[in-house]
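Student: Structure below; questions to follow.
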Amino acid sequence: MDDGVRVENRPVKLACRGVWKLFGADADGFLARYGHAPDNAAIAAAGLIGAVRDANIEVRQGEIFIIMGLSGSGKSTLVRCLSRLIESTAGEILFEGRDLLKAGEAEMIEIRRRKMGMVFQHFALLPHMTVLGNVAFPLEVQGVDRSRREARAREVIELVGLQGREGYYPRELSGGQQQRVGIARSLAVEPELWFLDEPFSALDPLIRREMQDEFLRLQQMLRKTIVFITHDFDEAIRLADRIAIMKDGRIIQIGSPEELVTAPATEYVAEFTRDIPRAKVLSAASVMLPPGGDYAGQVSADAKIAAIAAQVEAADRPFAVVGPDGAVVGRIDRETVIAVLVGRDPAGRAAP
């Protein structure tokens, strides 16, 4: 969300603290006996599967928070714990300050119906319903009368670019169009929190890129709080405010794409991000020189090098780097840009 307020200064919308999900017999008792801090060997010896292990995150208002990791890392299980589609073994899950693990079944159903939107990799559209019927369905479940639910459905159908296809059935739509229906359906209830579990991974690369563009356009308009799962780092750096990387059920590091690339906490994170083009991730502020001299123009401090490389490289003078208030905070020149593009830092050393 580009509202001028840094992510860390926004209020926390969703948090989990010490969340565990162990599959197997007597998982609750096992955790209690080990003081909620068993190691991997103890979990394996007990014949349990540690799908999520002591997870702690905070998702802030209007943020796109991406959870990523390889297959089996626990990312999908964690998101299902956050929405209580599956029950955590231990921990706290706080939504707007309310511990969802203490909510009754009826209360959770209402929270999911009215405050949470969910989009999954498999579109799960109802084949016997039209686009209009699919999008209006969550409102029908809420008991909204037909005229109001269809009016709302038409609004979000237009929002996702499917106006004119209200009467189509899922089988008559392309994969990208079906995914748009899934997105529209999840938005119909005007959720405060939006969960997306690899929503674009089943799409062809070109359609996937188009859907990412559409997703960013919608977020610019709607400013939702979003938890988004992907295993694709290119997708993550394009969409995320912050990223959590998971391995073997544990969250290894949380940070902006730039922080993960420039300051990986572990060798696993470094390997995970090793092949990402630095120009897509590094901002002007991260490589700028001290201010001074005559400028050919100016670029924003948070502009990515890939976005400004052509204009800076073509100029015979450096560009001023300006902060949010318009003040000059540094300069960037063609040598700095070229160094990033070829994999060196500005001092000429090999990039990490």
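Student: Looking for something over 21 Å from Ala240 (Cβ atoms) and surrounded by 17 or more Cβ atoms within 10 Å (Cβ to Cβ) - is there at least one such residue anywhere in segment 53-68?
Tutor: yes
Student: Let me ask you something else. Need pairs with beta-carbon distance below 7 Å; first residue farther than 22 Å from Glu198 by Cβ and within segment 104-129, second buried (at least 16 other Cβ atoms within 10 Å of the Cβ) and of a type in the set (Lys, Arg); sequence gap 6+ or separate chains.
Tutor: Going by the 7 Å Cβ cut-off, the qualifying pairs are Met108/Arg84.
Student: So Pro264 clears everything in (1) within 25 Å of Phe120 (Cα to Cα); (2) buried (at least 18 other Cβ atoms within 10 Å of the Cβ); (3) in contact with a Ser or Thr (Cβ under 9 Å, 6 or more places away or on another chain) except one condition, right? Which one?
Tutor: Only one criterion in (1) within 25 Å of Phe120 (Cα to Cα); (2) buried (at least 18 other Cβ atoms within 10 Å of the Cβ); (3) in contact with a Ser or Thr (Cβ under 9 Å, 6 or more places away or on another chain) is unmet by Pro264, namely (1).
Student: Considering only segment 305-321, state which residues are out of contact with any strand residue (DSSP E or B) (no Cβ under 6 Å at 6 or more places or on another chain), closer than 23 Å to Glu235 by Cα and touching a residue at least 12 places away in the same chain (Cβ under 8 Å).
Tutor: Correct list: Ile305, Ala306, Ala309.
Student: Please list, ordered by first then second residue, the pairs with beta carbon atoms under 6 Å, 6 or more apart or interchain, first in segment 6-25 and closer than 16 Å to Ile86 by Cα, second in a loop (DSSP other than H, G, I, E, B) and hydroxyl-bearing (Ser, Thr, Tyr).
Tutor: Final answer for the pair search is Val19/Ser88; Trp20/Thr89; Lys21/Ser88; Lys21/Thr89; Leu22/Thr89.
Student: Please state which one of Ile254, Ile308 is hydrophobic (A, V, I, L, M, F, W, C) and in contact with a helix residue (DSSP H, G or I) (Cβ under 8 Å, 6 or more places away or on another chain).
Tutor: Of Ile254, Ile308, the one residue that is hydrophobic (A, V, I, L, M, F, W, C) and in contact with a helix residue (DSSP H, G or I) (Cβ under 8 Å, 6 or more places away or on another chain) is Ile308.
Student: Within segment 185-225, can you find the residues that are within 11 Å of the chain's Cα centre (by Cα) and small (Gly, Ala, Ser)?
Tutor: none
Student: Now for a different question. Would you check which residues across segment 1-54 are of a type in the set (D, E, K, R) and over 29 Å from Leu222 (Cβ atoms) and list them?
Tutor: Selection gives Lys21, Asp26, Asp28, Arg33, Asp39, Arg53, Asp54.
Student: From the list Val281, Val261, Val287, exactly one residue is aliphatic (A, V, I, L, M) and more than 16 Å from Ala236 (Cα to Cα). Which is it?
Tutor: Criteria check complete, one pass: Val287.
Student: Just checking: which of the strands (runs of 3 or more DSSP E) contained wholly in segment 208-257 hold 3 or more residues that are buried (at least 17 other Cβ atoms within 10 Å of the Cβ) and free of Cβ contacts under 8 Å to residues at least 24 places away in the same chain?
Tutor: Result: 250-255.
Student: Is one or more of the residues making up segment 52-70 small (Gly, Ala, Ser) and more than 17 Å from the chain's Cα centre (by Cα)?
Tutor: no
Student: Please report, ordered by residue number, the helices (runs of 4 or more DSSP H) entirely within segment 1-83 with at least 1 residues that are touching an Asp or Glu at 6+ places or on another chain (Cβ under 6 Å) and on the phi < 0 side of the Ramachandran plot.
Tutor: 75-82
Read-outs throughout are calculated quantities, based only on the coordinates presented, and are distinct from any laboratory measurement. Keep in mind it's a predicted model, so treat the numbers as computed, not measured. Ideal geometry is used to build each Cβ from the backbone, glycine not excepted, and the neighbour counts take in all protein chains shown.
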